[in-house]
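One structure below.
Nothing in this text is a laboratory measurement; each read-out follows from the coordinates by a stated rule. Being a predicted model, the structure only gives us computed values, none of them experimental. For neighbour counting, all protein chains shown are included, and Cβ atoms are generated from backbone atoms with ideal geometry for every residue, glycine included.
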Amino acid sequence: MRNIDVLKNLASKGNSFTVNDVVKISKLDRDSLKKMLYRMERRGWIERIEKGKYLIIPLDAQKGKYTLNEFVIGSLLVNPYSIAYWSALNFYGFTEQIPSTVFIQTISRKKKQDIEVFGVRYRIIRLKGEKFFGMRKEWIEDFQIKITDREKTIVDCLDKPQFCGGIVEVAKGLKSKDFDKKKLLRYAKRIGNSGVLRRLGYLDEFLSLDINVPRPDTRNYLLLDPTMSHKGSTSSKWRLVVNLNKKILEKLE
């Protein structure tokens, strides 16, 4: 089978493929397979995303100039997946900060959690199955990708503030009030982390959002923002160490 025929066959199934996909179609031995992929890549027909996985370049694209949106590339790195955390915060306009890394959730094992593709860094975060919910589909450059919805994005960031730039970035999203309060509270309870409810309760009260988060039934304290210094005042109501300058929250627009 000619290289171009193999490529057309692969392209009919999607915009990316694995080495195993080529083996099934061509039935070539390992050496011949390597030569085929090398020639395709040299001609600008394909480009390697990561070991064993390739992106098919449209035939009318200029060699070396074709790139896909980083969310589309991210969707090819692991399955199942969802664009999440800081990346989703920015997508919804909850923060003006543009993260230098694309954050992706999955329940699958991935040997490499930090990957660089075409000069863009990707961070893959593995979750427990019960935390993998609240996704929606969006169209980007003729490709459909999965991303956490507004409410799940906020809850995820309260769950793991280190993946969104800290609690201040979450507070910006909450301040916008561009979300469903009932769904947000339902998600916060569902994710199974009392820290999410405590952080949400504190911010709800501080920002006067009227979400009506229930008080925690616990004696231990945790940090409002795990990315900051461990020193701060305490909130006995929410069982939090408020290790964040309140003036920063007061100045949020």
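With buried (at least 24 other Cβ atoms within 10 Å of the Cβ), under 15 Å from the mean Cα position of the chain (by Cα) and over 23 Å from PRO214 (Cβ atoms) as the only criterion, which of CYS164, CYS157 stands out? So the residue among CYS164, CYS157 that is buried (at least 24 other Cβ atoms within 10 Å of the Cβ), under 15 Å from the mean Cα position of the chain (by Cα) and over 23 Å from PRO214 (Cβ atoms) is CYS164.
Condition check ((1) more than 18 Å from PHE143 (Cβ to Cβ); (2) within 30 Å of the chain's Cα centre (by Cα)) across all residues:
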site: SER16; (1), (2): no, yes
site: ASN20; (1), (2): yes, yes
site: VAL23; (1), (2): yes, no
site: ARG30; (1), (2): yes, no
site: ARG42; (1), (2): yes, no
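For the range 105-118, indicate whether the set of residues that are crowded, with 20+ Cβ neighbours inside 10 Å and more than 30 Å from ILE56 (Cα to Cα) is non-empty. No.
If you go through the range 239-253 and keep only what is basic (Lys, Arg) and either in a loop (DSSP other than H, G, I, E, B) or in contact with a Lys or Arg (Cβ under 9 Å, 6 or more places away or on another chain) (or both), you end up with ARG239, LYS251.
Remark: ARG109 falls outside the filter, which requires a residue to be under 13 Å from the mean Cα position of the chain (by Cα) and not aliphatic (A, V, I, L, M).
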